[in-house]
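Okay, so here's the structure we're looking at.
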Ligand SMILES: [Zn+2]
């Protein structure tokens, strides 16, 4: 097992299992590293794929606090990209989420963005709300402060925070939940922190049942050791429902992202057809494709009432 990698015995999405080995994929741990093989396992209870053995807490923390990851990057096709510029190119997608969220929000309250990056998503929401940008990367946190003076930027990891007594009206995990060591435990904490009627937006969860993932298998462009867990749509909706949340919206971002266009769709169809015909005999990296990732908007049911504690131990509904 590589250094700073650990094996989890149970599914890190549903907590159950068993986990069954599916295949290995090749990836680089960071831009400068050599490609290595990583194992993917599938949960036999919920269908989530997961990297296992997976990076431990120390490796994840060292990686996500490097300023460098916001200065230079490579996309899954190996092309050099400017991560800060690439993040700005998501504005159209984020504006779409904001247009759905704003009419559903109450008059006032607190919003938490977990892994807020440079603060783009929060900057698109009205300034009358208390907007908390939780971002452990020092460079991204600095950019968020510069972008919007109204943001309260907290340079920390969600795992280290206790829920405050102040309930949240909206939690955003924008392409961040699957980077966490234990996304299931963190999601449980966040959902308990949400007020009745509160909203949660989970974006960019990678779908292991997407057409491109099924056709290209180990060569699917989004497998990566820092993407910890890949829950299919049903596993996400079951999880949200188990916490008393109703799913209000589902998106498969493509045309309003930096990767999607009519020309890219045409080229992608050609690549997928080629990969399907080759049946794994050649390494053909999957193209960006609609459904590679799914975003979810859900609302916490208002029917949950707090318990009334009477005179010490007696509890009534
Ligand atoms: Zn599972």
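The values are calculated or read from the model by the stated rules, or taken from the named source; none is laboratory data. Treat the numbers as computed from the prediction; the structure is a model and nothing was measured. Cβ sites come from the backbone with ideal geometry, for glycine too, and all protein chains shown count toward neighbours.
Counting only residues that are closer than 23 Å to residue 216 by Cα, surrounded by 19 or more Cβ atoms within 10 Å (Cβ to Cβ) and within 16 Å of the ligand (Cβ to nearest atom), the stretch 1-38 holds 1 of them. The condition (being within 20 Å of residue 46 (Cβ to Cβ) and in a loop (DSSP other than H, G, I, E, B)) is satisfied by just one residue among 191, 222, 202: 222. Of the residues 227, 274, the single one that is in contact (Cβ under 8 Å) with a residue 24 or more places away in the chain and either within 16 Å of the ligand (Cβ to nearest atom) or surrounded by fewer than 22 Cβ atoms within 10 Å (Cβ to Cβ) (or both) is 227. Looking only at the stretch 40-56, filter to residues that are more than 15 Å from residue 184 (Cα to Cα) and surrounded by fewer than 19 Cβ atoms within 10 Å (Cβ to Cβ); which one of those is nearest to the ligand (Cβ to nearest atom)? Here the residue is 44.
For the residues 112, 122, 60, the requirement of being buried (at least 20 other Cβ atoms within 10 Å of the Cβ), within 18 Å of the chain's Cα centre (by Cα), at pLDDT below 95 and more than 16 Å from the ligand (Cβ to nearest atom) singles out 60.
Within the set 178, 148, the sole residue that is surrounded by fewer than 22 Cβ atoms within 10 Å (Cβ to Cβ) and either in contact with a strand residue (DSSP E or B) (Cβ under 8 Å, 6 or more places away or on another chain) or modelled with pLDDT of 95 or more (or both) turns out to be 148.
The residues of the stretch 69-104 that are within 28 Å of residue 4 (Cβ to Cβ) and touching a residue at least 12 places away in the same chain (Cβ under 8 Å), listed by number, are 69, 70, 71, 72, 73, 74, 76, 77, 83, 84, 86, 87.
Listed conditions (1) modelled with pLDDT of 90 or more; (2) within 26 Å of residue 23 (Cα to Cα); (3) surrounded by fewer than 11 Cβ atoms within 10 Å (Cβ to Cβ) are all met by residue 281, apart from (1). Cβ separations smaller than 6 Å between residues 6+ apart or across chains give the following pairs from the stretch 146-169 residues that are farther than 17 Å from residue 122 by Cβ to residues that are in a loop (DSSP other than H, G, I, E, B): 157/136.
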